[in-house]
Amino acid sequence: MSLYDIIFYLFALLVLVSAFITVTSKNIVHSAFSLMFTLFGVAGIYVLLGADFLGVVQLLVYVGGILILMIFGVMMTNEITNVDIKTGTTQVVPAIIGVGLFAGALTSMMLRTGWNSQPSENMDTTTYAIGKLLLTEYVLIFELLGMLLLVALIGAASVARKEKE
Amino acid sequence: MYELLYDIFGSEIIAMIIAACMPLFLFILPFALIAVLLERKVSAHMQDRLGPMRVGYHGILQTIADILKLIQKEDIVADTTDKKLFNMAPVLVFAGSYAVFAAIPFSGAFIGSAADVGIFFIIAVSSIVVAGILMAGWASNNKYSLLGAMRSAAQIISYEIPTALVVLSIVMLTGTLSLNTMSIQQTAYFWNWNLFGGAADGFVQLLLLPFTVVAFVIFYISSLAEVNRTPFDIPEAESELVAGYHTEYSGMKFAMFFLAEYANMFAVSAIAVAIFLGGYQSPLGYLGNTIGVEWLIPYEQLFWFTVKGVGLVLVQIWLRWTLPRLRVDQLMTVCWKYLIPYAFVNLIIIGLISLI
């Protein structure tokens, strides 16, 4: 077992354990914080796969952005933090069907994809290639996404704005 | 560094652990020892006092005495705190601020990780500190802690935007995300620093000069806000919030917050040095080159990096004891109405000039 295997299993354990806590915890703040560890572990696995840029983006967007926003929301709404969330079993049959379908789809995808494996020596950085692709082949999608985000920003600002009389 | 250790020990794991611990033991701990004393002495002399004088010559050993005291303190955990999160928060805050040091080039021969994402990694990983601060504030179950944590998180998130914009403009100019490559580009004399327009040709550099200086000023102001230093220290405003998010902490846990704060002070100064002030490059040329002693150069680089970094930390201390703190609304006005528009205009202009 090489060093990278050990690190992979550590990250995998982190993801699984914290995801389990996220789902089962009765305290919503504990759930939110353990979701942070899940997302962090996924970022670590991205880096192990050689996708350094993607790993950092995962950290920046999910841990630094979305999760902090979620924690803020949870803390600001006092009614939520004081209420115990129900974590019992309800709706067993639909849940089993849904989870089964999802797990089947994931497993078949895992088995059918021709995984492209190559030796881990000589990791090249991905930043340059991603930048080049974004501005040549995918430039239209890139611009459209930029427009979409701008619309979302302006929309959020105009919803949150106080009306002047 | 890692390769050298790998050669010595022959084991990837030992080499990596030692390489990861080096900045902590060689740099952050001694720096914190000196910086705490420095802050007290500098502030004292600015206010016409003497500062600590009893322990050692002119109070030199004061910090060590303080640490011995902190180690002996009882670890108090209040009954109504959320124990798990309360104990985890100091570790998370320290881990977040220590992770930043992985991508900082201390000298040509000593950089934690030569990964190409450098400065982008630093911006991303410092958000873990925000999560840790929120965790500490919430778990303390104390309104002052919670208010301090909220203020701190809101402030850090807001000021990340001008920082990122300024860093982006310099990344456009230099064409790299790696702080090591950026430092290498600013070699030779001090007029090649990014602060003075980078290593461009004469005319382009003259065009760039005013805008890179503005970029540096914006970066420095927002980095002050990101480490919660005066004039942006409302998260721990003593007159309103006792001590902010670490009000409930005592003993070694408090010491961890304290250490993280000083590590952060040096980290933002080091980033400013690496981006704008030539990184570890000497401003005047190397002694090792002149007298032909090659192995001296990395040590000289370490020396220059430390001098520049500690210089910026001194400016932080100087500002702290000179300026009053801003109100919350003024804080947000400075960020959203002044720094962000200026940073945007600066970004566009630097982009246009670098096309020439």
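Every read-out reported here was derived from the displayed coordinates using simple, explicitly stated rules and does not represent laboratory data. As the structure is a computational prediction, the values presented were derived from the model and not from experiment. Glycine also receives a Cβ, built like all others from the backbone with ideal geometry; neighbour counts cover every protein chain displayed.
The phi torsions of segment A:142-153, fed into the Karplus equation with coefficients 6.51, -1.76 and 1.60 and a -60° offset, translate into couplings of 4, 5, 4, 4, x, 4, 4, 5, 5, 4, 4, 4 Hz, rounded to whole numbers, with Gly and Pro shown as x. The fewest-to-most ranking of B:Ser152, B:Ser354 by surrounding Cβ atoms within 10 Å reads B:Ser354, B:Ser152.
Between rounded, prolate and oblate, where does segment B:47-137 land on the alpha carbon gyration tensor, with a ≥ b ≥ c its root eigenvalues, rounded for a/c under 1.5, else prolate if a/b exceeds b/c? Oblate.
3J(HN,Hα) along segment B:16-23: 5, 5, 5, 4, 6, 7, 3, x Hz, from the Karplus curve 6.51 cos²θ - 1.76 cosθ + 1.60 with θ = phi - 60°, whole Hz, x for Gly and Pro.
For chain B, the relative contact order comes to 22 percent (Cα pairs under 8 Å, sequence separation of at least 6).
Size descriptor for segment A:126-165, Kirkwood hydrodynamic radius: 12.2 Å (Cα pairs only, one decimal). With each label modelled as a point 7 angstrom along the Cα→C-beta vector, the B:Leu319-B:Val217 pair spans 1.2 nm. Overall, the anisotropy analysis places chain A in the oblate class: the square-rooted eigenvalues a ≥ b ≥ c of its C-alpha gyration tensor yield a/c not less than 1.5, with a/b not exceeding b/c.
List the lysines whose Cα lies under 20 Å from the Cα of B:Lys73, skipping any in the same chain that are fewer than 8 positions away. Reachable lysines: B:Lys83, B:Lys253. Evaluated at q = 0.12, 0.22 Å⁻¹, a Debye calculation over the C-alpha positions of segment B:1-72 (equal weights, vacuum) places log10 I(q)/I(0) at -0.51, -0.90.
Neighbour counts of C-beta atoms inside 10 Å place B:Asp79, B:Asp233, B:Asp7 in the sequence B:Asp79, B:Asp7, B:Asp233, starting with the fewest. For the protein assembly as shown, pairs of C-alpha atoms spaced more than 34 angstrom apart make up 43 percent of the total. The convex hull defined by the C-alpha atoms of segment B:96-233 has an orientation-averaged projected area of 9.0 nm². In the protein assembly as shown, helical runs assigned H by DSSP with n ≥ 4 each contribute -39500 (n - 2.57); averaged across all residues and rounded to the nearest 500, the mean residue ellipticity at 222 nm is -21500 deg cm²/dmol. The mean number of partner chain beta-carbon atoms within 10 angstrom of a residue's beta-carbon across peptide A:58-65 is 6.
Averaging the Cα positions of each part gives two centres, and for segment B:19-86 and segment B:245-272 these lie 10 Å apart. Measuring spread by the Cα atoms of chain B yields a radius of gyration and Dmax of 21.0, 66 Å. Note on chain B: with a GNM built from Cα contacts shorter than 10 Å, the maximum mean-square fluctuation among B:Arg229, B:Arg49, B:Arg320 falls on B:Arg49. For chain B, leaving out every one of the GluC sites (Glu not before Pro) that falls in a DSSP loop and has at most 16 other Cβ atoms within 10 Å, the longest unbroken run is B:75-293. Along chain B, the exposed loop sites are chymotrypsin sites (Phe, Trp or Tyr not before Pro) outside DSSP states H, G, I, E and B with at most 15 other Cβ atoms within 10 Å, and the longest stretch free of them is B:1-188.
Sorting A:Tyr128, A:Tyr62 by the number of Cβ atoms found within 10 Å of their own Cβ, with the fewest placed first, yields A:Tyr128, A:Tyr62.
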